[in-house]
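A.B. asks: Sharing a structure with you now.
The values are calculated or read from the model by the stated rules, or taken from the named source; none is laboratory data. Values in this document were obtained by computation on a predicted structure and should not be read as measured data. Cβ placement follows ideal geometry from the backbone for every residue including glycine, while neighbour counts extend to all protein chains displayed. Areas reflect the complete protein model, heavy atoms only, side chains present, ligands, DNA and RNA absent. Shrake-Rupley method; radii C 1.70, N 1.55, O 1.52, S 1.80 Å.
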Amino acid sequence: MVQLGTLLKGTNMAVCEEAAEVYKLAIQRRWTEAIPMVEKDISMCIEWLESGRNEVRSKTAFILLETLCSEGISIVSNYILRILTLISPYLHSPKIEMRLVAARTLYACIKLFPRQDDLSRNMLLSYVAEELIKDQNLGTVEGHHASLLRCQSLIQFGGGFMQSYFGRASELALKLRNHSSPI
């Protein structure tokens, strides 16, 4: 697992993606070496996203967080709000691939929202919905795209919560369908 950590910290995105796949398999198989690393790796991802200086590390952080959320690692729930706040600036990135990798992490986070605790789940969904409105109000291509990405995840995983936002989401999609910049 030490070698895997070294590969994840590299600068070659293809190697980082492959290392993340191996990490995912180790977590799925509940390898004893992988599970204790999870909290340390979450902290590392948060640090990389906060610095924002290295694009490969930011993408790797999103891929790792997506993996941890997708695998339902419960400790990630302790960091979910922090992760959501870190996703926001990347959803506004001028680089479309950065927005997409951030959106995949957002989807994975929303799937991890606690199902049994409606109050916490609704609070987190409300946060994402408020950010969606802020994105729309930016009036930029990146803001509109971020809004659509958030909306997609809310519709897909938000259940009944999204009903009150459905009209706004439909209006945005119709408004952007003939936009001069395809997103």
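A.B. asks: So which residues in the range 93-103 are surrounded by fewer than 18 Cβ atoms within 10 Å (Cβ to Cβ) and not acidic (Asp, Glu)?
C.D. replies: Listed by number, the residues that qualify are PRO94, LYS95, ILE96, LEU100.
A.B. asks: Here is a follow-up. Within the range 135-154, track down each residue that is in contact (Cβ under 8 Å) with a residue 24 or more places away in the chain and outside any helix (DSSP H, G or I).
C.D. replies: Result: THR140, single match.
A.B. asks: If you don't mind, there's one more thing I want to ask. Please state which one of SER180, SER164, SER170 is assigned to a helix (DSSP H, G or I), at pLDDT below 80 and open to solvent by 80 Å² or more (accessible area, probe 1.4 Å).
C.D. replies: On the way: SER180 fails: assigned to a helix (DSSP H, G or I); SER170 fails: open to solvent by 80 Å² or more (accessible area, probe 1.4 Å).
Of the residues listed, the single one that is assigned to a helix (DSSP H, G or I), at pLDDT below 80 and open to solvent by 80 Å² or more (accessible area, probe 1.4 Å) is SER164.
A.B. asks: Considering only residues that are hydrophobic (A, V, I, L, M, F, W, C) and outside any helix (DSSP H, G or I), look in the range 18-36 and name the one that is nearest to THR67 (Cα to Cα).
C.D. replies: Step by step, filter the range 18-36, then rank; the result is ALA34.
A.B. asks: How about the range 6-16: which of its residues are in a helix (DSSP H, G or I), under 21 Å from the mean Cα position of the chain (by Cα) and surrounded by 13 or more Cβ atoms within 10 Å (Cβ to Cβ)?
C.D. replies: Of everything in the range 6-16, those that are in a helix (DSSP H, G or I), under 21 Å from the mean Cα position of the chain (by Cα) and surrounded by 13 or more Cβ atoms within 10 Å (Cβ to Cβ) turn out to be LEU8, MET13, VAL15, CYS16.
A.B. asks: Counting just the residues of the range 26-72 that are acidic (Asp, Glu), more than 13 Å from the chain's Cα centre (by Cα) and closer than 19 Å to MET13 by Cβ, which one comes out surrounded by the fewest Cβ atoms within 10 Å (Cβ to Cβ)?
C.D. replies: GLU47
A.B. asks: Can you confirm whether GLU171 is without any contact (Cβ under 8 Å) to a residue 24 or more places away in the chain and either at positive phi or more than 12 Å from the chain's Cα centre (by Cα) (or both)?
C.D. replies: In short, yes.
A.B. asks: How many residues does the range 125-155 contain that are open to solvent by 10 Å² or more (accessible area, probe 1.4 Å) and over 14 Å from ALA173 (Cβ atoms)?
C.D. replies: 12
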